[in-house]
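A short reminder: the numbers here are calculations on the coordinates, not readings from a lab. These numbers come from a predicted model, not from an experiment. Here Cβ is always computed from backbone atoms with ideal geometry, including for glycine, and neighbour counts include all displayed protein chains.
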C-alpha cells in the first residue's frame with residue numbers, strides 16, 4: 001500500500017520536465033524559445049538568469065533581470081536553455097493532484113470499509129474520493145504554479 005502511495009507521488013514529478021534538442025541554425029532562424037525569463041547555461045559552466053534573450057548573427061543577447069544590464073556571448077558557447085512555465089505547471093499540478101488525491105481517497109476509503117471504521121457505504125466512500133481529489137487538485141495546482149513546468153533545450157552544433 002505504501003509503495004502505491006509513493007509511486008502516485010513520484011510519477012507526477014517526473015512528468016513536469018521535458019527536453020528538446022536545438023541546433024545553432026534553429027536558434028539563428030527562430031530565436032530563443034520559451035518565455036520572458038530563461039536560464040542560459042554555457043559550456044564553461046556559467047549560468048545566467050536572462051530576461052528577453054534573443055539571437056542575432058551567431059551571438060546571444062540578454063538582459064539581467066536584477067540589474068537591467070545587457071549582456072552578450074557567442075552562440076557557440078551556449079550549451080542549453082532552461083525555461084519554467086508556471087501556468088503550465090499549475091495545470092499539470094491540478095491534473096496530477098486530482099488523480100493522486102482521488103487515488104489516496106479511494107485507498108483510505110477501501111481500508112476503512114475493510115476495518116468497519118465508520119464509513120457509511122458507497123456515499124461515505126464517494127465523499128472520501130471526492131474530498132481527496134479536491135484537496136489533491138488544489139494543492140497540486142498551487143505546487144505546480146510555484147515550481148512550474150521545466151523545459152530544457154539542449155544546444156548542439158551541426
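Would you mind getting me the FRET efficiency between residue 111 and residue 47? Use the beta-carbon distance for r and R0 = 35 Å, nearest 0.05. The calculated FRET efficiency here is 0.15. Legend: calculated FRET efficiency, residue 71 to residue 150, from the Cβ-Cβ distance at R0 = 25 Å, rounded to 0.05, equals 0.65.
Modelled spin labels at residue 64 and residue 131, positioned 7 Å past Cα toward Cβ, are 5.2 nm from each other.
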